[in-house]
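Beneath this line is the structure, given in structure tokens, with notes to follow.
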Amino acid sequence: MKDVQFSRRSDLGSRIDVSFEFFPPKNDVMEARLWETIARLEPLAPHFVSVTYGAGGSTKERTTRALARLSRESALSPAAHLTCVDASRDEVDAVIREFAELGVRRFVALRGDPAEGVGAAYRPHPDGYRNTAELVAALRRIGEFDVSVSAYPEKHPESADFATDIDVLKRKVDAGATRAITQFFFDNDVYERYVERVRRAGIYIPIVPGILPIHNFAQVAGFAGRCGAHVPAWLADRFAGLENDPQTHALIASAVAAEQVLDLIERGVDDFHFYTMNRADLVFAICHLIGIRPRVEQASIAA
Ligand code: FAD
């Protein structure tokens, strides 16, 4: 008898870890949606959930509020994104301690983009951490934190070449990062080639693929252009003509995400980070597809 494909195994869900990323809501309506989303996803028992941080501290109050509520009201393990752009060391250290007091034990350490936006030249704050590796080292000095960092399968738009990019990742790992989460990508060959390059450079931490379910193709295509992620022609073709057909767009989006995740599983990936965009349906469906089912005891927000 032919072996069952790995992605069709009945015990798949117990072999796969997931984490979910949220952004701090801007108003009451978005806040209500975020907590509905968390209530739906919490029973899937993710490894951790992360909350983004506006570069230069622009979302500090909102990020803090979301982390505090996650710590207080859920059984989830919250991870705080933290950037070092446009902030002094003292300011950054104070935020680390404040988050730690809320019960945060995980951080996603990032440099962040200058206030002028993606692509503007980066200049460290005169009294600040000069780069992400220094921020990682500060986190490790201040507490016993689990520290993740970013990775760029298509290289960071500011990088001259892959060698520079991977060297930057290596410095972050040498400073104490234990996991890298990738920028989103749509071509799994690109991810696989990147992981091979990273391993050849002697970096052995998990390189967790960041999966972006496509809620709005036009928006994703615009955003991808700014952060150096390539949108393949076949992907654009799949969404072509669906601008005014949200129902079919949603069905195609779930088929596309399912295809990407199942193919990565066949390639040996067993850990996924989902950019939820504060929406539950697509992520919940993909998790269901890969055998991750709600656990009743893990539903404190819904309760
Ligand atoms: P790094 O990985 O430290 O560096 C990025 C690039 O800069 C390098 O690849 C290299 O090209 C260049 N570089 C850096 N240091 C050196 C050096 N010493 N010598 C030469 N070149 C160098 N942004 C936010 O504002 N808030 C968030 O919450 C947030 N979350 C994110 C989560 C993930 C998973 C990812 C992938 C990105 C996130 N970002 C976030 C975006 C991120 O801040 C930007 O991409 C930013 O431009 C780079 O930050 P970084 O920590 O990834 O940079």
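Taken together, the values in this text are just the output of simple stated rules run on the coordinates, not laboratory data. The structure presented is a predicted model; accordingly, all values stated were derived computationally and were not measured. Backbone-built Cβ (ideal geometry, glycine too); neighbour counts: all protein chains shown.
Values for this structure:
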read-out: Theoretical ellipticity at 222 nm over the chain - DSSP helices of four or more residues, -39500 (n - 2.57) apiece, nearest 500; value: -13000 deg cm²/dmol
read-out: Distance between segment 188-238 and segment 112-165 - C-alpha centres, whole angstrom; value: 19
read-out: Span per principal axis, largest first, for the Cα atoms of segment 144-303 (Å); value: 45, 43, 26
read-out: Highest-MSF residue in the chain out of GLN247, GLN260, GLN183 [GNM, Cα springs under 10 Å]; value: GLN247
read-out: In nm, spacing of pseudo-spin labels at GLU73 and ASP146 (7 Å Cα→C-beta vector); value: 2.3
read-out: Rule-of-thumb Rg ratio for segment 1-47 [Cα; 2.2 N^0.38 Å; N residues]; value: 1.74
read-out: Rel. contact order, % - alpha carbon contacts under 8 angstrom, at least six apart, segment 118-243; value: 26
read-out: Inter-label distance, nm, simple model (7 Å from Cα along the C-beta direction), ALA32/ARG65; value: 1.5
read-out: Where GluC sites (Glu not before Pro) in DSSP loops with at most 15 other Cβ within 10 Å are excluded, longest remaining stretch of the chain; value: 1-115
read-out: Cα gyration tensor category, rounded, prolate or oblate, for segment 246-288 with a/c compared to 1.5; value: oblate
read-out: Virtual spin-label span in nm between ALA221 and VAL4, 7 Å along Cα→Cβ; value: 4.0
read-out: Rounded, prolate or oblate (a/c below 1.5 giving rounded, otherwise prolate when a/b exceeds b/c) for the chain by Cα gyration tensor; value: rounded
read-out: Geometric extent, Cα atoms of segment 28-147 - Rg, Dmax (angstrom); value: 14.7, 44
read-out: Relative contact order [Cα under 8 Å, 6+ residues apart], the chain, whole percent; value: 25
